[in-house]
Every structure is written in C-alpha cells, then in structure tokens.
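Working notes for the structure below.
The values are calculated or read from the model by the stated rules, or taken from the named source; none is laboratory data. Source: prediction; values computed, not measured. Note that each Cβ is placed from the backbone with ideal geometry, even for glycine, and that neighbours are counted across all protein chains shown.
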C-alpha cells in the first residue's frame with residue numbers, strides 16, 4: 001500500500017495547552033496519531049508544508065504516509081482544526097489504517113459529462129451539486145480520490161442518485177448499506193427554477209426590510225406617545 005502523500009512529523013514529549021501554544025509559536029502544528037491497535041502518538045508537523053498539502057483536495061481523502069523517527073504509519077486525516085479567522089492550522093487528527101481492514105471515510109463528488117448533458121446543451125439548465133461529500137467504506141488500497149456523478153445523459157429536472165454513482169471495485173456507500181434513502185446527489189435545474197429562486201430570495205429580503213421599517217416606525221410612535229404623556233400636567237385633585 002503506497003501513498004502519493006508523505007507527511008514528515010516528529011514525536012513530541014510535552015502535552016497540554018502551554019506546550020501546544022509553544023509549538024504553534026515555532027510554526028509547528030500539534031497532531032495526534034491513533035488507531036490500528038497501537039498506542040496514541042503526539043506529533044509535531046511543519047505548518048507551512050501541511051498548509052500546502054491541505055490545498056490539494058485529494059489530501060484529505062487519501063491514505064497518507066506519516067513518517068517519523070520511529071518509522072512509517074499509513075493513516076487518513078480525520079479532523080483538521082483551523083483558527084477562527086487567521087489562515088492557521090491549530091490541530092490535526094490522523095487515524096491509522098490497516099491494509100487488511102475496511103474503514104469508513106468521506107470522499108468528494110465530482111460531476112462529469114456536464115458539457116454534453118442534453119439538459120445543459122439543449123435545455124440551458126444549471127448543474128447543481130446537492131451532496132458534496134459521500135461516506136464510504138473500503139480497504140485502504142481501494143480508496144478513491146473522489147466518486148463520479150455522470151451527468152452526460154441528464155435532461156432538465158433530472159438527478160443522479162447515490163445508487164447511480166460510479167463506484168470503484170471494493171467501494172461501498174455507507175448510507176445505502178445501512179438501509180438509508182437513495183438521495184439525489186446532483187441535478188440539472190431549469191433556468192426558470194433558477195430565476196424563481198433568485199426572485200423568491202429578493203422578495204423575502206424586501207418583505208424582511210419592510211417589516212424592519214414598520215417595527216422601527218412603531219417603536220418611534222410609541223416613544224413619542226410616552227413622551228407626550230409625560231409632558232401633560234397632572235390632574236388637580
């Protein structure tokens with residue numbers, strides 16, 4: 001089982017918030033490596049190198065090689081925590097995988113055949129992705145970079161469902177195996193539907209704005225009434 005992505009890492013001895021803060025100050029990313037019946041490992045990764053790898057879509061849906069001074073582990077990305085507003089990675093979770101054991105992960109969906117779909121070329125429809133990532137189960141060697149939704153035969157108003165996705169050998173969709181609904185993944189919307197959606201959104205915004213103005217006017221009127229009542233002379237007893 002080989003990988004196109006190699007992550008260079010080092011084991012860290014310290015733990016806790018203070019240690020993680022020092023690591024980030026030195027342009028390192030704290031990470032944890034777990035699973036496959038092995039002891040959890042606390043790692044440090046180079047921030048800039050990891051940021052460049054995460055810019056590649058396939059990185060988060062691939063089996064990676066995690067290289068340290070203790071050897072190499074095969075793993076997948078389970079979670080990435082980013083800073084709320086800075087372009088900084090705060091923490092990464094890696095899960096080890098075994099060549100002989102199936103595991104669950106999610107992969108993106110790519111629409112193909114859009115340029116020849118009659119709903120687009122003739123009907124002038126708008127391709128629309130309804131589900132961007134699909135949970136699958138497979139062996140590490142069968143993990144695909146993405147799943148393909150072939151749109152080439154779709155007319156306006158038609159959709160591709162989970163059961164119609166092109167699955168590589170050994171790959172199964174988790175929700176279908178567990179008896180879930182055969183959800184639509186991608187479709188071709190009519191131009192009219194697109195326009196109606198925009199018009200409805202604009203109308204909703206206009207109504208909301210008008211209600212806000214009415215509420216503001218009512219508040220001002222009530223404030224004026226209260227002020228006038230306060231200015232009136234008290235009745236003589």
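Here residue 18 meets each of (1) more than 18 Å from residue 143 (Cβ to Cβ); (2) touching a strand residue (DSSP E or B) at 6+ places or on another chain (Cβ under 9 Å); (3) at pLDDT below 95 with one exception, condition (2). Scanning the stretch 102-127 for residues that are without any contact (Cβ under 8 Å) to a residue 60 or more places away in the chain, touching a helix residue (DSSP H, G or I) at 6+ places or on another chain (Cβ under 8 Å) and outside any strand (DSSP E or B) yields 114, 115, 121.
With respect to (1) modelled with pLDDT of 95 or more; (2) closer than 25 Å to residue 140 by Cα; (3) surrounded by 11 or more Cβ atoms within 10 Å (Cβ to Cβ), the lone exception for residue 1 is condition (1). Within the stretch 3-55, being under 25 Å from residue 145 (Cα atoms), without any contact (Cβ under 8 Å) to a residue 12 or more places away in the chain and not in a helix (DSSP H, G or I) holds for one residue alone: 55. Being more than 20 Å from residue 57 (Cα to Cα), touching a strand residue (DSSP E or B) at 6+ places or on another chain (Cβ under 8 Å) and free of Cβ contacts under 8 Å to residues at least 40 places away in the same chain holds for only one residue in 155, 148, and it is 155.
Report yes if residue 23 is surrounded by 12 or more Cβ atoms within 10 Å (Cβ to Cβ) and at pLDDT 95 or above, otherwise no. So residue 23 does not fit the description; no.
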